[in-house]
Amino acid sequence: MGRILFGEEIAAEIRAELQARVAGLARRGVVPGLALVRVGDDPASASYVRQKEKAAHALGFLSEITVLPERTTEDELLALIASLNGDPRFHGILVQLPLPPGLSPERACGAVDSRKDVDCLHPANIGRFVRGDPYLLPCTPHAVQEILLRSGYPPAGKHVVIVGRSPLVGRPLSILLSQKGPRGDATVTLCHSATPDLGPFTRQADIVVVAVGRPGTLQTDMVREGAVVIDVGVNRVDDPAAPRGYRLVGDADFDALREKVAAITPVPGGVGPMTVMMLLSNTVAACEAQTRDAR
């Protein structure tokens, strides 16, 4: 029976480390500030933003949510971002994605001051990350890396197969885990929707990361005995027996895979809590950098 890698347990370790850093900032009269921007009424986005604000407040941050209506124009969104860029209370700004149709996520993320870009989506920060000299790390890829390292499954010397090439998860994760050093040094294979047959690739892997947003993508015959599976997918499936009429599942067949693999992350409760914690870690790092520069 494979080990379950609970994200909240690992997040608690990082939270304790962040509390010490926040206390150090407080002794200098500094409070980390995180501004969260949501456009429209998407229920999933609203839930994610509330989780982030709650976690920020629990660590003693100043955190505010600004909600703009669905009909917001791009000029109005960019004006808000410009205002937050100039607000010294906030050291981090996050624009919740996806945005409603007609709003460019590239323009919105590119408008955030690169020093306050705690999602690591500004072109300058992406460039530094790819070059191996990051200002901050992308939250979900960093979450996956920390889960592996802190659970005793370092990627160095391992074959990691990533299923999914999105610019938020798969692509940056392939870069992060392949970079030189003890936190990387993996041999990485990146599979995607145009890969004709995933099985021959995933069966070679020491570590499989699946992040495509499709339930049942990874089945037991697609992994070898003793592999580690990190499931980034979050999908709603109808379930009349559930209180809300649906339940959340990942991209992997969790129950069946747990009988075969060495370790696996659950959904929910795996990568999700760690992604939020990496956002808070980035906010603390951005606050430290900005207040250090200001002294």
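Ordering Arg89, Arg128 by how much accessible area each has at a 1.4 Å probe, largest first, what is the list?
Highest to lowest solvent-accessible surface, that is Arg89, Arg128.
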7 Å from Cα along Cα→Cβ at both Ile65 and Met1: what's the point-to-point distance in nm? 3.7 nm
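Restricting to DSSP H runs of at least four residues, report the calculated mean residue ellipticity at 222 nm for the chain, -39500 (n - 2.57) per run over all residues, nearest 500 deg cm²/dmol.
After summing the helix terms and dividing by the residues of the chain, the value is -12500 deg cm²/dmol.
In cubic angstrom, how much convex hull volume per residue do the alpha carbon atoms of the stretch 164-295 span?
Dividing the Cα hull volume of the stretch 164-295 by its residues yields 143 Å³.
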Per residue, what volume in Å³ does the convex hull of the Cα atoms of the stretch 73-129 enclose? 71 Å³
Dipole of the chain, Cα-centred, from +1 at each Lys and Arg C-beta and -1 at each Asp and Glu C-beta, to the nearest 20 debye? 740 debye
Segment Arg107-Asp238, length gained on full extension (0.36 nm per residue, minus Cα span): 43.6 nm
Calculate how many DSSP beta bridges within the chain are antiparallel, expressed in % of all such bridges and rounded to the nearest 5. 10 percent
Run the accessible area of the stretch 147-295 with a 1.4 Å probe and give the carbon-and-sulfur part as a rounded percent. 52 percent
Mean shadow area (nm²) of the C-alpha convex hull around the chain is 15.9 nm²
Taking +1 at the Cβ of each Lys and Arg and -1 at the Cβ of each Asp and Glu, which of Gln219, Val67, Pro273 sits farthest along the dipole of the chain towards its positive end, judged by Cα position relative to the Cα centre? Pro273
Straight-line reach check, Lys116, cutoff 19 Å on alpha carbons, 8 or more apart in-chain or any other chain, hits among lysines -> Lys52
If you take every DSSP beta bridge fully contained in the stretch 139-295, what fraction is antiparallel? Give it as a percent rounded to 5. 20 percent
Protection-proxy order for peptides 78-84, 44-50, each taking the mean of Cβ atoms within 10 Å per residue, highest first: 78-84, 44-50
Solvent-accessible area per residue, Å², over the stretch 148-295 with all protein chains present [probe radius 1.4 Å]: 45 Å²
In degrees rounded to 10, the 0-90 angle between helix 43-58 Cα long axis and the longest Cα principal axis of the chain is 70 degrees
Across 5 Å bins beginning at 0, the whole-percent shares of Cα-Cα pair distances in the stretch 33-104 come to 3, 16, 29, 24, 18, 8, 2, 0
Which residues' amide hydrogens lie under 5 Å from the amide hydrogen of Val261, considering only partners 5 or more residues apart or on another chain, with H built in the peptide plane? Gly2, Gly226
If each of Asp75 and Glu9 carries a label point 7 Å out from its Cα toward its Cβ, how far apart are those two points in nm? 5.4 nm
Which order, highest average first, do 223-233, 276-286 follow once you tally other Cβ atoms within 10 Å for each residue and take the mean per peptide? 276-286, 223-233
Using Cα pairs under 8 angstrom and six or more residues apart, how large is the relative contact order of the chain, in percent? 21 percent
Please state the shape class of the stretch 157-216: rounded when a/c is under 1.5, otherwise prolate if a/b exceeds b/c and oblate if not, all from the C-alpha gyration tensor. oblate
Whole number please: convex hull volume per residue, Cα atoms of the stretch 39-180, in Å³. 128 Å³
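The values are calculated or read from the model by the stated rules, or taken from the named source; none is laboratory data. Bear in mind that the values here come from a model prediction, so they are computed numbers and not experimental data. Glycine gets a Cβ as well: all are built from the backbone with ideal geometry, and neighbour counts include every protein chain shown. Ligands, DNA and RNA are excluded from the accessible area calculation, which covers all protein heavy atoms including side chains. Shrake-Rupley method; radii C 1.70, N 1.55, O 1.52, S 1.80 Å.
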